[in-house]
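The values are calculated or read from the model by the stated rules, or taken from the named source; none is laboratory data. Since we're looking at a predicted model, the values are computed, not measured. Quick reminder, even Gly has a Cβ in these numbers, built from the backbone with ideal geometry, and neighbours come from all protein chains shown.
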Amino acid sequence: MLISAQLLVILFCIFMGARMSGIGLGVMGMIGLLVLLFVFDLQPSDPPLEVMLIILSVVTAAAALQAAGGMEYLVQIAARILRSRPSQITFLGPVVTYFFTLFAGTAHISYSIMPIISEVAIKKRIRPERAMSMSVTAAHMAITASPVSAATAALLSVLGTAGIKLGDILLICIPSTLIGVLVGVLFVFRRGKELDEDPEFLERMKDPAFAAQMGKDSEDKSSELRAGAVSSVIIFGLAVLAVVALGFFPALLPSFAEHPGFQPGFAVNSAGQVQMPSMIMMIMLAATGFIILFAKTTANQVTKVSLFASAGQATIAVFGVVWMSSTFMNNNYEVIQHALGGLVASQPWTFALGLFILSIMLFSQAATTKAMMPLGLSLGMPAAYLVGIFPAVNGHFFVPGYPTLLTAIQFDRTGTTRIGKFVLNHSFMLPGIVTTIASVVAGLILQSILL
């Protein structure tokens, strides 16, 4: 009965935080944590410091890229690719979005690509919903495959103690999520009526002003790049390559085991080697410094761009909700293990379903990973299996309130990308479910072969 009351407190705080959006999950999570401490006398767990610091480090580097004009440069490259083969926009839109998000480690880059995808589709009279819905889904999937995303770092921080390396995660998650995206693209390829047959679009075309807009040429009108744009992309790219190289070849990581007076700590493990999450922080913040030094931007400009503000929101969100959730799980470990241990042992796929459901509520892959993956290990699930089902944390498309979904709907002027009458029957629901299932199945097959 007591654990049920605690769970109700957690669910209430998650629900209220999700309604607030922004830092809502974090502040409501902290309220829930205080209730667990003072009302239920639960000992607090350790806060998720690694994930928080990685979010700050990676998104600050991405903000420096934005401040130097690197994001604009990447968007111009994307525009050229998308406009080079407009008839293939249903395929190219999601694939380009996937790889750009994979590189940047943040789905925020998709905001600038969405209007281009929509305009190219409209110009060719291809139903924009197809490319838009899968581009949003592809951006979410790429987060769980990016070497510099907070979600990947969260998984590494949990599974690193079980022998999983960053290279192992990338080896499974990049091909599995890419397979999932391609399956999703095939699913939407002929989905819905053609644009010229869509009732919503035909109704809008009765407005002469709207019809005139549809007839306008949408050729690329790229603005002049800032002086440090290309340099910032090169610096950021080298940082990503450094993370990947160290992830695949951990022997390259500095070791201090033989130094006199060596003591393990936050950044160095008991074997004396610098831990990969800490190395990601160092590399990405160093990349920020190099961008400021050599890409003609300033520290002040970095703190003023939109991505820097998103770093604070994401960090607070993860801070509160994960600390609250982990406190609940740590104090009720035996009850949870007794209740779920047998089910997970006999039907391990149910844990993937649990990841998916929690991600719907938390709206964060990193928070879901940090809250649930330790439970998977404690229930005896193999670390390799947890890597395989990692894409299941991408359930935040389910309720159409996530910024990437709302942005895609806003940029589709034809009205084909939309939220349905019953809310959950929106444009992203089926593509998201199909892609997530395909990614998880591919991940399970790949981990059984490669890990």
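Look at the range 257-302 and say how many of its residues are over 30 Å from residue 46 (Cβ atoms) and surrounded by fewer than 18 Cβ atoms within 10 Å (Cβ to Cβ). The number of residues fulfilling the criteria is 7.
Only residues that are among the polar types (S, T, N, Q) and surrounded by fewer than 22 Cβ atoms within 10 Å (Cβ to Cβ) were counted across the range 76-114, and they come to 5.
Residue check: residue 11 meets all listed conditions (1) in contact (Cβ under 8 Å) with a residue 60 or more places away in the chain; (2) not in a helix (DSSP H, G or I); (3) not β-branched (Val, Ile, Thr) but one, namely (2).
Would you say residue 139 is in a helix (DSSP H, G or I) and under 19 Å from the mean Cα position of the chain (by Cα)? Yes: the conditions hold for residue 139. A search for C-beta distances below 8 Å between a residue of the range 237-255 that is closer than 11 Å to residue 103 by Cα and any residue that is at pLDDT below 90 and not in a helix (DSSP H, G or I), counting only pairs 6+ apart in sequence or on different chains, returns 239/148; 240/105; 240/148. Scanning the range 399-440 for residues that are surrounded by fewer than 17 Cβ atoms within 10 Å (Cβ to Cβ) and among the aromatic types (Phe, Trp, Tyr) turns up just one, 422. Applying the criterion of being surrounded by fewer than 19 Cβ atoms within 10 Å (Cβ to Cβ) and assigned to a helix (DSSP H, G or I) to the residues of the range 31-61, the residue that is modelled with the lowest pLDDT is 49.
Within the range 203-214, the residues that satisfy the criterion of being more than 10 Å from residue 414 (Cβ to Cβ) and either of a type outside the set (D, E, K, R) or in a helix (DSSP H, G or I) (or both) are 203, 208, 209, 211, 212, 213. Output the number of the condition that residue 335 fails; it satisfies all remaining conditions of (1) surrounded by fewer than 17 Cβ atoms within 10 Å (Cβ to Cβ); (2) free of Cβ contacts under 8 Å to residues at least 24 places away in the same chain; (3) over 28 Å from residue 107 (Cβ atoms). Unmet condition: (2).
For every residue, the table says whether it meets (1) under 19 Å from the mean Cα position of the chain (by Cα); (2) under 25 Å from residue 246 (Cα atoms); (3) without any contact (Cβ under 8 Å) to a residue 24 or more places away in the chain; (4) surrounded by fewer than 20 Cβ atoms within 10 Å (Cβ to Cβ).
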{"position": "166", "(1), (2), (3), (4)": "yes, yes, no, no"}
{"position": "171", "(1), (2), (3), (4)": "yes, yes, no, yes"}
{"position": "176", "(1), (2), (3), (4)": "yes, yes, no, no"}
{"position": "180", "(1), (2), (3), (4)": "yes, no, no, no"}
{"position": "184", "(1), (2), (3), (4)": "yes, no, no, no"}
{"position": "191", "(1), (2), (3), (4)": "no, no, no, yes"}
{"position": "195", "(1), (2), (3), (4)": "no, no, no, no"}
{"position": "199", "(1), (2), (3), (4)": "no, no, yes, yes"}
{"position": "208", "(1), (2), (3), (4)": "no, no, yes, yes"}
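Residues in the range 142-178 that are part of a loop (DSSP other than H, G, I, E, B) and over 27 Å from residue 288 (Cα atoms): 163, 164.
Confirm whether residue 370 is among the basic types (Lys, Arg) and either within 26 Å of residue 117 (Cβ to Cβ) or surrounded by fewer than 21 Cβ atoms within 10 Å (Cβ to Cβ) (or both). When the stated conditions are applied, residue 370 does not pass them.
Against the criterion of being within 22 Å of residue 234 (Cα to Cα), part of a helix (DSSP H, G or I), touching a Phe, Trp or Tyr at 6+ places or on another chain (Cβ under 6 Å) and not basic (Lys, Arg), residue 79 does not qualify.
Yes/no matrix, rows are residues, columns are (1) of a type in the set (Ser, Thr, Tyr); (2) farther than 22 Å from residue 288 by Cβ; (3) part of a helix (DSSP H, G or I); (4) at pLDDT below 90:
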position	(1), (2), (3), (4)
180	no, yes, yes, no
185	no, yes, yes, no
196	no, yes, yes, yes
200	no, yes, yes, yes
231	yes, no, yes, no
239	no, no, yes, no
260	no, yes, no, yes
265	no, yes, no, yes
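Restricting 390, 363, 356 to residues that are within 14 Å of the chain's Cα centre (by Cα) and at positive phi narrows the list to 363.
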